[in-house]
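See structure below.
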Amino acid sequence: MLIDNSISAVVTGGASGLGKAAAQALAKSGVRVAIFDINEAAGEVIARDIGGVFCKVDILSEDSVVAGFERARAAHGQERLTIHCAMAARRGKTLSFDKASGGYKRTSTEDYAFGVQGILVASYRIASLSALGMSSLKPLEDGERGAITLTASVAAQDAQIGQVIYGSAKAGVNGLVLPMARDLMDLGIRVNSIMPGIFATPLMLGAAQPVLDSLAASVPFPKRLGKPEEFASLALELARNTYFNGQCIRLDGGIRMAPR
């Protein structure tokens, strides 16, 4: 797919971190970009800076997502690219020791279900609604109508202690990729996922410097945190290269996460 001003894109989580970098890279290539995010203040600033449009969207709400797509398409036309970075989740071990009771307590089913909704269900929601819109587009070369990139995580394959919600939900995101790509193959809509390792996002950079140094040292090479721009670069290559389809790709400097 040619990445230029002839196409439009939706980037969820585009107000910061990986999504922001992807939105900026797309806009630099001329793409008309719509940012979906719940952070209205930051999202409006980024959208203005890249000449895009901001849509306040709660990925946990079907109505909010549908309204976001309607606003984005009214401004830029039907998107051919969707990069889904937004998520919502909670942490917790399956069982953890409770000093107050002297026994064990478990992560609640409600907390687990929230993470599944915020990661796995939201990924399906964004991807399927985008694909529905893409199905109306005129095919490009090879019969391609669009491309969808989901964001999983290295935790999908080697989640750490305390990541039972996050790891299993991200594994579910990878599980969406191949069957969805097959579902959409006759429409010329591709689906892939990126599994980032430890990236220098605002959330991660809030950790203490010794923690960041230790994390950087744990990466085989290069011994640093990933740059959001590197995520954006891969996301754009997945869009450009039409032969990428049904793939779940690690972007992690060769790291394999230890249990803790």
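The values are calculated or read from the model by the stated rules, or taken from the named source; none is laboratory data. Quantities reported herein were computed from a predicted structural model and do not represent experimental measurements. Positions of Cβ are backbone-derived with ideal geometry, glycine not excepted, and every protein chain shown enters the neighbour counts.
For the subset of the range 109-168 comprising residues that are β-branched (V, I, T) and in a helix (DSSP H, G or I), which member is surrounded by the most Cβ atoms within 10 Å (Cβ to Cβ)? Looking at residues that are β-branched (V, I, T) and in a helix (DSSP H, G or I), I get I119. Output the residues belonging to the range 225-260 that are closer than 15 Å to T82 by Cα, in contact with a helix residue (DSSP H, G or I) (Cβ under 9 Å, 6 or more places away or on another chain) and of a type in the set (D, E). None; the set is empty. Scanning the range 72-83 turns up at least one residue that is among the hydroxyl-bearing types (S, T, Y) and in a strand (DSSP E or B). Within the range 172-218, the residues that satisfy the criterion of being in a loop (DSSP other than H, G, I, E, B), farther than 18 Å from T82 by Cβ and either among the aromatic types (F, W, Y) or in contact (Cβ under 8 Å) with a residue 24 or more places away in the chain (or both) are G197, I198, A200, T201, P202, L203, S218. Of all the numbered requirements in (1) modelled with pLDDT of 95 or more; (2) of a type in the set (G, A, S); (3) more than 14 Å from the chain's Cα centre (by Cα), A232 misses one, and that requirement is (3).
Among G68, G30, G19, which is over 24 Å from M195 (Cβ atoms) and either without any contact (Cβ under 8 Å) to a residue 12 or more places away in the chain or surrounded by 24 or more Cβ atoms within 10 Å (Cβ to Cβ) (or both)?
From the options G68, G30, G19, the qualifying one is G68.
Among residues of the range 102-122 that are touching a residue at least 40 places away in the same chain (Cβ under 8 Å) and farther than 18 Å from V173 by Cα, none has a beta-carbon under 8 Å from a residue that is among the acidic types (D, E) and assigned to a strand (DSSP E or B) at least six positions away or on a different chain.
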